[in-house]
Each structure stands twice: as C-alpha cells, then as structure tokens.
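The values are calculated or read from the model by the stated rules, or taken from the named source; none is laboratory data. As the structure is a computational prediction, the values presented were derived from the model and not from experiment. Note that we place each Cβ from the backbone using ideal geometry, even for glycine, and neighbour counts take in every protein chain shown.
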Amino acid sequence: MATEYQTETVFTWGAPPLKFGAGALDEIGYDCGNLGLSRILIVTDPGVAATGVPQRAAEAMRTAGLKPEVFSGAHVEPTDDSFRAAAEFAADTDWDGFVAIGGGSSIDTAKAINLLTTSGGDLMDYVNKPVGGGKAPAAPLKPLIAVPTTAGTGAESTAVCIMDILALRVKTGISHPMLRPVMAVVDPLTTLTLPPRVTAAAGLDVLCHALESYTARHYRAYARRRPEERAVYVGNNPVSDAFIEKALPLLGKSFRRAVLAGRDLDARSDMLLAASFAGMGFGNAGVHIPHACAYPIAGQVKTYRPPDYPQAEAMVPHGESVSLTAPAAFRFTFPADPERHLHAASLLDPRGADAVSEERERLPAVIVSLMKDIGTPSGIGAVGYGVADIPELVEGTLKQQRLLSMAPREVTGEDLAAVLRDSIENW
C-alpha cells in the first residue's frame, strides 16, 4: 500500500497531435473544421502580422466556410498587463476556439485569453505560487491550435504560459494541463524570413529546454504524490528523454546554419523539429536553474536592446536570458549525474565534447562554442548586469521554486550567487 513516505513510481506525459511540414499551414481551415470550430480568434503579434502569415491562415479558414478574426496585439515578451488587455479584447465574443500564430509570446497570449475568457477572475489568481494564487481553471478551456513561427519556445506543446509581472519586476507563469494546445501545426515555411538574432534567441531556448529537461531531477526522486497533486513538470523520464535525444543532434547539425543562412529550408525544418521534440521533452520533464535565473534577468533589465527586436523598450529576449547562465549552471549540476551531462554534450557536438579533457567542462564548452558562432551575448555582463546586481537577481530567482525544485541537486541562494558570478562573462 502506497504511503506519503514512499518515493514516486508514476510519471505522466502528454503532448498535442503534431502536423509538421512545408505547407502545413494551408490546411488550417480543414483542421479547424475538423474540431467543430466556426468563429475563431487568430492571435498574433504586429511583427508576425506584417509577414502576412496570419492573413494567409484566415483566408484558408474562410475558404473552408469558417469565420476568423485576427487579433494582432500580442506583446513580444508578454506582461500581465498585455495578457489582461488581450483577454479584454476577446471577451465580447463567444469564440468557438483560438488559433495562435507566432512565437511563444503569441501562443502564450492565446493561452491566457482562453483561460481568462472561459474561467473568469483575475490573472493573478492563476499565476504559479508563491507569486500568484496557483488556482486551477474553473471550467474546461476551448480548443487552441498553435502555429509556431519561431523554432524556440516549444509553447505549441506545453501546458504553461509565461509573462512579466510588471509591478514585481519578475517573470513567472501559469501552468496547468488544460492550457496545452489541442493541436500543433508546424510549417517551416513560416520561419524563413525570421531575422538572425531572433532565430538565435529562439534556438537558444530550444537548446536550454533540451539540456535542462535532460538533466532535471528524475521523476522517482520525488516523494510520492496523489494523482491530483502531480504537476505539469514531473522530472526526467524515459519518454521525455527519447525526444531530447532526438532534439540535441538536430540542434548540433543545423542551429548555426539556420542563423547564418536563414533561407536554408532544411536547417529551418531541423530547428522546428528540434523545437517540437524539446517541447515534448521539457513540457513534461521540466526545466531548472537557467530558466529560473532567466526570469529576473529579463524582468530587471535596464537598458539592453537586442538587434532585430523592437527598440522602444529595454528587453532581454527569453532565449537569450536562459542561455546566459547555462554554462555555469551545468558546471554546478554536473556532480549530480556526470554521465547524463557528458552524454548530452556528445549528442550536441561529439567532436567538440571530445576535444575538452576536463569532463565537467565538456557541456559548458560546447554551449559556449555554439553561442560564439551565432553571435549572442557572452554573459549577463553583456546585457547590463554586474556584481552589484547579483543579490537582487538571486532574490528574483529564489521566487522560482517550481523550477528550482526540478534541479538535480539542491540549490541555495549562495549557489545561485556563485552561478551568476560565474556568468558575468562566459568567454
């Protein structure tokens, strides 16, 4: 008979059906009709709307006899205010379902719209504890189809949505199985015009999703949970591992090419497939220290404005923010499972890993090599942080206990300070 003192013996794994390939977007009318949808809100951001992709999707829906409307007000790197504004826009119509077209910002905005228009209440009611109330949705959500136009967040596969809480200067999220899209439509043709730095940041998010979930605490290392207590993130497990072990070689093969030769359809296809695989992995296994550190790094940014992004306000793109502490974080987690860290390095870059004699440095070295080649910031110093900022960054990171609990070893404030100091410069 199971007791509360036994370790976990059960893991859960879930992902939406996936439609993948060049031209997949042109079938979106069929897909929506197949789900019984008629009145559909397409959620996107201004940059993606300017490419014409959402309008192409809307036309395919109209051809299928459906009634789409485009909302192009999703905020890049969304905030609690932008989520509320988007939900307010959508509240006056009884939508049958939603189609999100864009990067993680658009997909997460659609998740928030879906949640708030079906369950009501305030956004903070649902935000993960300890920042928010951690409340479960009050009603079933409506169907959401996700169409990623970046090879990055994996949001098309996950049951989380992420935002900046402006008043607290911290990035956090909402997680619940009901948030997961009912279908992912992944078309590499939608990514061909993505600028280099956006491609790079998105790909770094894929990289960290894969590496963090692969090195996360094993699901059997937790105390046994009752069924209703099992979270979206359950720890590394055999099913998630299988997807990550497919994602890492694709990243090693095609990431540099996708950034440096953006019209390379094969590279773009590999990166989207890697993003989908990594999403199926981390969306169940979880992420840990780099993502936990990334939230205050993004939330407390002062003046940094990355190329290829809107310049109206300071921001650290999510993919950049997670990568900045990754080399140091994996040095810290290495002793918990050296074999897994070494295998991850070999999957990503076999020759690069073999060239590093010190085993603990192999995974950090192949990450740094990749970051150098694609021209992304070299550490938190490159986005405006110094030693004096570390206490506040530690404070913000410690609020991310949902993520820190996934790390393969216990993490203290002193440990985080050391990781951040080690990340001021990565090379």
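A few comments on the model shown:
- Any chance residue 73 is within 21 Å of the chain's Cα centre (by Cα) and closer than 13 Å to residue 162 by Cα: no
- Residue in the range 408-426 that is among the acidic types (Asp, Glu), under 11 Å from residue 324 (Cα atoms) and without any contact (Cβ under 8 Å) to a residue 60 or more places away in the chain present: yes
- Residue 155 being in contact with a His (Cβ under 7 Å, 6 or more places away or on another chain) and touching a residue at least 24 places away in the same chain (Cβ under 8 Å): no
- Residues located in the range 131-177, provided they are in a loop (DSSP other than H, G, I, E, B) and among the hydroxyl-bearing types (Ser, Thr, Tyr): 149, 150, 153, 157, 158
- Any chance residue 147 is surrounded by 23 or more Cβ atoms within 10 Å (Cβ to Cβ) and out of contact with any Ser or Thr (no Cβ under 9 Å at 6 or more places or on another chain): no
- Residue identified as modelled with pLDDT of 95 or more, over 25 Å from residue 240 (Cα atoms), among the polar types (S, T, N, Q) and out of contact with any strand residue (DSSP E or B) (no Cβ under 8 Å at 6 or more places or on another chain) among 82, 119: 119
- Single condition residue 330 does not satisfy, out of (1) in contact (Cβ under 8 Å) with a residue 60 or more places away in the chain; (2) more than 19 Å from residue 204 (Cα to Cα); (3) aromatic (Phe, Trp, Tyr); (4) in a helix (DSSP H, G or I): (2)
- Condition check for residue 125: charged (D, E, K, R), free of Cβ contacts under 8 Å to residues at least 60 places away in the same chain and either out of contact with any Ser or Thr (no Cβ under 8 Å at 6 or more places or on another chain) or not in a helix (DSSP H, G or I) (or both): yes
- Residue satisfying all of: in the range 237-281; free of Cβ contacts under 8 Å to residues at least 60 places away in the same chain and outside any helix (DSSP H, G or I); surrounded by the most Cβ atoms within 10 Å (Cβ to Cβ) among these: 264
- Output for the range 219-236, where each listed residue is surrounded by fewer than 18 Cβ atoms within 10 Å (Cβ to Cβ) and either of a type outside the set (Asp, Glu) or at pLDDT 90 or above (or both): 220, 221, 222, 223, 224, 225, 226, 227, 230
- Across the range 316-325, not a single residue is classified as modelled with pLDDT of 95 or more, surrounded by fewer than 19 Cβ atoms within 10 Å (Cβ to Cβ), assigned to a helix (DSSP H, G or I) and out of contact with any His (no Cβ under 7 Å at 6 or more places or on another chain).
- Helices (runs of 4 or more DSSP H) wholly inside the range 1-112 that include at least 2 residues being in contact (Cβ under 8 Å) with a residue 12 or more places away in the chain and crowded, with 23+ Cβ neighbours inside 10 Å: 28-34, 53-63, 80-90
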